[in-house]
Amino acid sequence: VGGSATDVELGVDGVPEGVTQLAVAGQYGYLGRTYVRDTRLPGDSDDESLHLAVTTLLARHHFGAGWSVEGVLPVGFVELSPPAAETPARVAGFGDVQLGGRYDFAAVWGPRFPHPNLTLGLRLGLPTGEQATLSPSPAVPPTRLAVGSGAWSLRPNLALAQFIIPELAMALQTELPLPLSYAETNRRPGRGLTMSPALLGFPHDGIALRLGMTYEVRGYADEQPAGTIINSGGAWLRVTGGATFAIGDVLRGGRGAQVPVWLRVN
């Protein structure tokens, strides 16, 4: 659940005042291929797979004049399934709870076509994420399974939507996670950047279609006292798509998917 671009999809028209939005989003992910940099490893590596399921709750209150505050609560699990002879490893619990606020510039120059919808936000990530250490096999160094980073962080974000015609808009959402501390596992995640440009189409009242891409980059993590962790971080490019639809006058629902088209992992 993002900023102005999502508000456009959800049919928010104008600058809300005294309004509270509640949202729940479910995500399932499956990773079944092993890579070194951008090269896929053949053979037995395909026997291992990673599953994740995360449910995210969001509450946002609009005070008016463009200002709002919000809280994000993720909870879920990550499971690594090694070859059948070995026991799967799992970590479950809360992710990094986020608290923050944002300002919508529609309060300055007006909402909707032809004006852009621009929102700037800042969230504080709390060290509530769950982490676990495991060694999938004797030949693999210890690694981490995690729901969240388990560290303090700042998360500046931007959301932009510009209508081309009343039925079509360009959108961009970006976030810059900046870790501030080490987790209880003595690991500090690398700095990140996520950018998601997309086209939004509105073929009918109450229906919004999305097609775009997501580029995500994550720097090297470091760990005390070992220092830089060379098998961490990377970059991913995914094609994304989805639809949002009205359910009555108050509720909105949606479905979407992301498929990787390029990656370079460490």
### Message
Which of rounded, prolate or oblate describes region 93-208 when judged by the alpha-carbon gyration tensor and an a/c cut-off of 1.5?
### Response
prolate
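Pulled fully out, how much extra length does the chain show between Glu223 and Arg264, if you take 0.36 nm times their separation in residues and subtract their Cα-Cα distance?
Details: separation 41, 0.36 × 41 = 14.76 nm, distance 2.17 nm.
Extra length available between Glu223 and Arg264 comes to 12.6 nm.
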### Query
When the Cα centres of region 34-110 and region 192-242 are compared, how far apart do they sit, in Å?
11
### Query
What spacing in nm lies between the two simple spin-label points modelled at Leu180 and Leu31, each 7 Å away from Cα in the Cβ direction?
2.7
### Query
HN-Hα J couplings of region 198-210 from phi, Karplus 6.51/-1.76/1.60, θ = phi - 60°, integer Hz, Gly and Pro as x?
7, 9, 10, x, 10, x, 7, 4, x, 10, 10, 10, 10
### Query
Classify region 172-221: rounded, prolate or oblate, from the alpha-carbon gyration tensor (a ≥ b ≥ c, eigenvalue square roots; a/c under 1.5 rounded; otherwise prolate if a/b is larger than b/c)?
prolate
### Query
Using 1/(1 + (r/R0)^6) with R0 = 30 angstrom and r between the beta carbons of Ile164 and Leu193, what's the FRET efficiency to the nearest 0.05?
0.70
### Message
Which three extents, in angstrom, do the Cα atoms of region 23-94 have along their principal axes, listed largest first?
### Response
58, 28, 13
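If R0 is 35 Å, what FRET efficiency do you get for Phe63 and Ala235 from their C-beta distance, rounded to 0.05?
On the way: r = 38 Å, r/R0 = 1.08.
The pair Phe63/Ala235 has a calculated efficiency of 0.40.
All of the numbers you see were taken from the coordinates with simple rules; none came from a lab. Computed from a prediction, not measured in an experiment: that's the story for all the values here. As a convention, Cβ positions derive from the backbone with ideal geometry for all residues, glycine included, and neighbour counts pool all protein chains shown.
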